[in-house]
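The values are calculated or read from the model by the stated rules, or taken from the named source; none is laboratory data. Model, not experiment: these values are computed from the prediction. Here the Cβ is made from the backbone with ideal geometry for all residues, glycine too, and neighbour counts use every protein chain on show.
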Amino acid sequence: MSNLEDLYREIILDHYRSPRNRGELASPPAIRVEGFNPLCGDEIVLYLDVNDGVVTDLKMTGHGCSISQASASLMGAAVKGQTVEKARATILTFKQLMTDHESTLEHDGEPAKVDLRSIGELAALQGVVKFPVRIKCAMLAWNTLSQGIDELP
């Protein structure tokens, strides 16, 4: 299992050191949404551009811990190009991964509730559930995205 944990750690560090989708979009037409975690000071400003029901572009600025910034980068890579409906489903899957602590494990031969193979690099963040205080860090970008989608006309 340590090889897998090492791989996940490398994915998180890569997205923290070289975040994807950094920058700003003109607002409007992009929706601008701010997220803030008062417990640790993590901040994100998300710019969301949706055309014909598809997330055509997504940019972010902000600062915070490695978990919040890596999660934001992974989120952007995961939802850019998806339909809004698929982006909502991805948000729900990620929330389940972060809040249903047993969802990542197989119990008594029962399949896991979240199929880690189906979520790609997002699975790298599954270890966050071992540290409940860090879950809010991982969720910041996702909650901000959800708010932005809710603000779509």
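Mind checking whether some residue in the stretch 50-58 is of a type in the set (Val, Ile, Thr), at pLDDT below 95 and either closer than 16 Å to ALA141 by Cβ or in contact with a strand residue (DSSP E or B) (Cβ under 7 Å, 6 or more places away or on another chain) (or both)? Taking every residue of the stretch 50-58 in turn, none turns out to be of a type in the set (Val, Ile, Thr), at pLDDT below 95 and either closer than 16 Å to ALA141 by Cβ or in contact with a strand residue (DSSP E or B) (Cβ under 7 Å, 6 or more places away or on another chain) (or both). The residue pairs whose first member lies in the stretch 48-69 and is under 13 Å from HIS15 (Cα atoms), whose second member is outside any strand (DSSP E or B) and β-branched (Val, Ile, Thr), and whose beta carbons are closer than 8 Å, counting only pairs six or more residues apart or on different chains, are SER66/ILE12; ILE67/ILE12; ILE67/VAL128. Among the residues making up the stretch 1-17, those that are within 17 Å of the chain's Cα centre (by Cα) and either under 14 Å from GLU121 (Cα atoms) or touching a residue at least 40 places away in the same chain (Cβ under 8 Å) (or both) are TYR8, ARG9, GLU10, ILE11, ILE12, LEU13, ASP14, HIS15, TYR16. Residues in the stretch 1-48 that are assigned to a strand (DSSP E or B) and loosely packed, with under 12 Cβ neighbours inside 10 Å: 0 in all. Residues that are at pLDDT below 95 and acidic (Asp, Glu) do occur in the stretch 92-104, at least one of them. Of all the residues in the stretch 55-94, those that are of a type outside the set (S, T, N, Q) and surrounded by fewer than 16 Cβ atoms within 10 Å (Cβ to Cβ) number 6.
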